[in-house]
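Remarks on the structure that follows.
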Amino acid sequence: MTPQDFRKHAHELVDWMADYLENIEKYPVKSSVQPGEIIDRLPEDAPVGGEPFAQIMADFENIILPGMTHWQHPNFHAYFPANSSPPSLLAEMLTATLGAQCMIWQTSPAAAELEERMMQWLIKMTGLPANWHGVIQDTASTATLSSILTAREKFSDFAVNRRGFVDPQRFTVYCSEQTHSSIEKAVKIAGIGSEYLRQIPVDEAFAMRPDALEPAILRDRENGLIPLCVVATIGTTGSTAIDPLPAIGEICQKHNLWLHVDAAFAGTALLLPEKRWMIDGIAHADTFVFNPHKWMFTNFDCTAYFVKDKTTLIRTFEILPEYLKTAEGSRVNNYRDWGIPLGRRFRALKLWFVIRSYGMQGLREKIAAHIALAQQFAGWIRESNDFELLAPVPLNLICFHFKPKDFKDVETVNRLNERLLTKINATGKIYLTHTKLNGIFTLRMVIGQTNVTLRHVENAWKLIQQAAKTLR
């Protein structure tokens, strides 16, 4: 492709992107293709010669696009959002064009120093302790794994990194029954073992019970195990439950345990000063993570990971072969030593574009609007005779189910709601997902997509009610 061809096709793609964003509501939210349908339309062998860009783009529109679920659709209410925004997309285009490998300061000084400043901005914007340090990771799963590995090395005096698990040390890790599955995955990867992950019972609001946490720690100590780490969640995936950080932090301090705080989705709400109560007690924590790529309009991937003690983090991950030695040394942040991968993308650029484009006020207004819409939707559920809220609504996730008064059996109601979810999503007009809370099949309605408005929420509620009527 010549520079002239590139310029021509790049302009065409920008026009396509703008049209897509402008007309996204014309697409069904969730793809309706069947398994194997896309791969059957793709050739089994790569082309021998190059193909014209127009043909590639035509196949993108005819083969790929029908198999895409449209996460940027304002009627996307599933999972948690993976939000984007025009400023973020423009920055991502520049990142791809520069093609920089930002592993150490010397390979792109601006990338390293912009990342350092963006993390400082986020600390101030969210109310985290001013003396903490931040680094951008790819996902919260990676950040949580980094935290548990750092805890493992600190408590073993970095012996596991040197010798592996040669001593009969058995660490234990604690989280709530509602904690994200990435915690168990991290425990397995870190060599601790899923058998030594303790899932602590939750209260009626699905938050971890400190009165059940401390006895679990004491039991493990009595049995010769080494309690290592507690993972507290601010905004669980199932119901956005808020674990009581002050009480958990005091227990960790009392028993000398590492405390990691997972606020992957809900952390963005900390931009609102009135939501800072969620991190009361944060001074007891060692690490904290949230994802701007979920609710802060910065496209995937961009995870903000913060640590109290950067020295321990760096000692856990640093390795210095001759070919990576540079003259700058400790005068700069070489972020390859702040996490698992050596290679690093220039993620800070899109964060910079987003924060500057919206400003703190603009970001706060959007987040507050989403929370207000969720409260309105929850109010409609409360007023309904046929629907029921199944969890508190502290943020912008509503957990509910369809429960006509004449349906009493739990399994019957569960099957009814499973059918309802299938019927709703089959319309292509909105997209919801589910969880189970106390054994109840629970519909999850997330109101957090970048461009969602009251109109979209009202239409979703009407569609849900209409679909439910057909199942009575």
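Selection of first residues in region 420-438 that are within 13 Å of Q465 (Cβ to Cβ) and of second residues that are of a type in the set (S, T, Y) and part of a helix (DSSP H, G or I), restricted to Cβ pairs under 8 Å at least 6 apart or on distinct chains, gives the following pairs, ordered by first then second residue: K423/T470.
Of all the criteria given as (1) crowded, with 22+ Cβ neighbours inside 10 Å; (2) without any contact (Cβ under 8 Å) to a residue 12 or more places away in the chain; (3) not β-branched (V, I, T), the one not satisfied by D157 is (1). Any residue in region 53-68 that is over 18 Å from Y335 (Cβ atoms), among the acidic types (D, E) and over 24 Å from the mean Cα position of the chain (by Cα)? Taking every residue of region 53-68 in turn, at least one turns out to be over 18 Å from Y335 (Cβ atoms), among the acidic types (D, E) and over 24 Å from the mean Cα position of the chain (by Cα). Among all positions in region 438-454, there is no residue which is under 19 Å from G238 (Cβ atoms), over 21 Å from the mean Cα position of the chain (by Cα), of a type in the set (G, A, S) and modelled with pLDDT of 95 or more.
Looking at region 92-188, the helices (runs of 4 or more DSSP H) lying wholly inside it that each contain 3 or more residues that are in contact with a Ser or Thr (Cβ under 6 Å, 6 or more places away or on another chain) and at pLDDT 90 or above sit at 140-155. From the list S85, S32, the lone residue that is under 30 Å from S239 (Cα atoms), of a type in the set (G, A, S) and at pLDDT 95 or above is S85.
The residues on offer are A91, A96, A78, and the sole one that is crowded, with 18+ Cβ neighbours inside 10 Å and closer than 28 Å to R7 by Cα is A91.
You will find that of E44, E12, E25, the residue that is without any contact (Cβ under 8 Å) to a residue 40 or more places away in the chain and either in a helix (DSSP H, G or I) or not hydroxyl-bearing (S, T, Y) (or both) is E44 and no other. Screening region 271-281 for residues that are in contact with a Lys or Arg (Cβ under 9 Å, 6 or more places away or on another chain) and either aliphatic (A, V, I, L, M) or closer than 22 Å to S182 by Cα (or both) and picking the one that is surrounded by the most Cβ atoms within 10 Å (Cβ to Cβ) gives L271.
Residues in region 118-130 that are in contact (Cβ under 8 Å) with a residue 24 or more places away in the chain and either over 23 Å from the mean Cα position of the chain (by Cα) or within 16 Å of R347 (Cβ to Cβ) (or both): M118, M119, W121, L122.
Within this structure, S194 passes the test of being within 28 Å of Y79 (Cβ to Cβ), exposed (fewer than 15 other Cβ atoms within 10 Å of the Cβ), touching a helix residue (DSSP H, G or I) at 6+ places or on another chain (Cβ under 7 Å) and at pLDDT 90 or above. Considering only residues that are part of a loop (DSSP other than H, G, I, E, B), on the phi < 0 side of the Ramachandran plot and surrounded by fewer than 24 Cβ atoms within 10 Å (Cβ to Cβ), which ones fall in region 240-256? P244 - this is the single residue of region 240-256 that is part of a loop (DSSP other than H, G, I, E, B), on the phi < 0 side of the Ramachandran plot and surrounded by fewer than 24 Cβ atoms within 10 Å (Cβ to Cβ).
Quick check on this structure: which one of L342, L389, L421 is closer than 30 Å to A151 by Cβ and hydrophobic (A, V, I, L, M, F, W, C)?
L342
Filtered by the rule that a residue be in contact (Cβ under 8 Å) with a residue 24 or more places away in the chain and either among the aromatic types (F, W, Y) or in contact with a Lys or Arg (Cβ under 7 Å, 6 or more places away or on another chain) (or both), region 47-67 gives F53, I63. Picking from residues in region 418-465 that are part of a loop (DSSP other than H, G, I, E, B) and among the aliphatic types (A, V, I, L, M), the one that is surrounded by the most Cβ atoms within 10 Å (Cβ to Cβ) is I447. Might you check whether a residue that is within 24 Å of L270 (Cβ to Cβ), of a type outside the set (A, V, I, L, M), touching a His at 6+ places or on another chain (Cβ under 7 Å) and buried (at least 23 other Cβ atoms within 10 Å of the Cβ) occurs anywhere in region 203-217? For region 203-217, residues within 24 Å of L270 (Cβ to Cβ), of a type outside the set (A, V, I, L, M), touching a His at 6+ places or on another chain (Cβ under 7 Å) and buried (at least 23 other Cβ atoms within 10 Å of the Cβ): absent. Within region 265-304, the set of residues being assigned to a loop (DSSP other than H, G, I, E, B) and not aliphatic (A, V, I, L, M) comprises F265, D280, G281, D286, N291, F297, T298, N299, F300, D301, C302.
The values are calculated or read from the model by the stated rules, or taken from the named source; none is laboratory data. None of these values were measured; they are calculated from a predicted model. Please note: Cβ atoms are built from the backbone with ideal geometry, for glycine as well, and neighbour counts cover all protein chains shown.
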